[in-house]
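Structure record follows, encoded as structure tokens.
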Amino acid sequence: MVKQIMVLTLVLGLSLGGALSVEAAPAVASATQQSAQDFMQMVTDQLLKKLVDQRTEYKKDPQLLYRIVDESITPYVDYATIARRVMGQYFRQTNDAQHQRFAATFKDSLIRTYGNGLAAYDHQTITILPSRIPVTGDSATVQMEIVNPSGQSIPVTYELKRNVSGQWMLENVVLNGINLGLTFRNQFASDVEQYHNDFNMVISHWVPEAPKVHQP
């Protein structure tokens, strides 16, 4: 797989195209009562419906696809927490304005890469698997399997946490054994070295790099 696949799954791993098959789930409770699995199923179904209903329109207008992605996933992704973890040890060396700027840059880069991936891929099958790990307090993991048309299976693990309102929020993804939060933190550190501790340059030139998931 290429870069888009990895970043899709970082943002939520909800879809890789407009012609997807997602394992059905029963009706779920309100957002603050449902399980992490049901939450992921709900958001997946909502995004897929928009992609199917508006496919003709966004094929003509990529900006519409970005808006669909933004509206569908932003309420459920804790960009501030993810960006802080990506900055790692350098978070304390930067100011509030830089924190906010990097979080916004990080969000925009993921949405655009995610949107490009959605336009480029289809016919994947997504299955949200039954939980094998008990929920601990307000934290949970969700296992998902993505199968492409060639039959390759890619395991994905999502790390979620409830916010103060009880809403599940995505905080990290492990794709095929690769911890993406750690991968991006290493990239940020490498960029800091490349730009000689000029954090404004690091933020301005941020483009998430993706470890590739090789196809057989």
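If I go through region 77-98 residue by residue, how many of them are closer than 17 Å to residue 205 by Cβ and not hydrophobic (A, V, I, L, M, F, W, C)?
Total satisfying the criteria: 3.
If I ask for residues that are in a loop (DSSP other than H, G, I, E, B) and over 14 Å from the mean Cα position of the chain (by Cα), which ones from region 31-90 would you list?
Answer for region 31-90, where residues must be in a loop (DSSP other than H, G, I, E, B) and over 14 Å from the mean Cα position of the chain (by Cα): 31, 32, 33, 34, 35, 54, 61.
Could you list all residues from region 116-140 that are modelled with pLDDT of 65 or more and not in a loop (DSSP other than H, G, I, E, B)?
Once the filter is applied, which keeps residues that are modelled with pLDDT of 65 or more and not in a loop (DSSP other than H, G, I, E, B), region 116-140 yields 116, 117, 118, 119, 125, 126, 127, 128, 139, 140.
Can you tell me how many residues in region 41-99 are more than 25 Å from residue 162 (Cα to Cα), in contact with a helix residue (DSSP H, G or I) (Cβ under 8 Å, 6 or more places away or on another chain) and touching a residue at least 24 places away in the same chain (Cβ under 8 Å)?
Final tally of qualifying residues: 10.
So is residue 143 over 23 Å from residue 90 (Cα atoms) and either in contact with a Pro (Cβ under 8 Å, 6 or more places away or on another chain) or surrounded by fewer than 14 Cβ atoms within 10 Å (Cβ to Cβ) (or both) or not?
yes
Could you give every pair whose Cβ atoms fall below 6 Å, whose first residue belongs to region 121-138 and is loosely packed, with under 14 Cβ neighbours inside 10 Å, and whose second residue is of a type in the set (Val, Ile, Thr) and modelled with pLDDT of 65 or more, counting only separations of at least 6 or pairs across chains?
That search, which allows pairs on different chains as well, returns 133/141.
The values are calculated or read from the model by the stated rules, or taken from the named source; none is laboratory data. Keep in mind that this is a model prediction, so the values were computed, not measured. Glycine also receives a Cβ, built like all others from the backbone with ideal geometry; neighbour counts cover every protein chain displayed.
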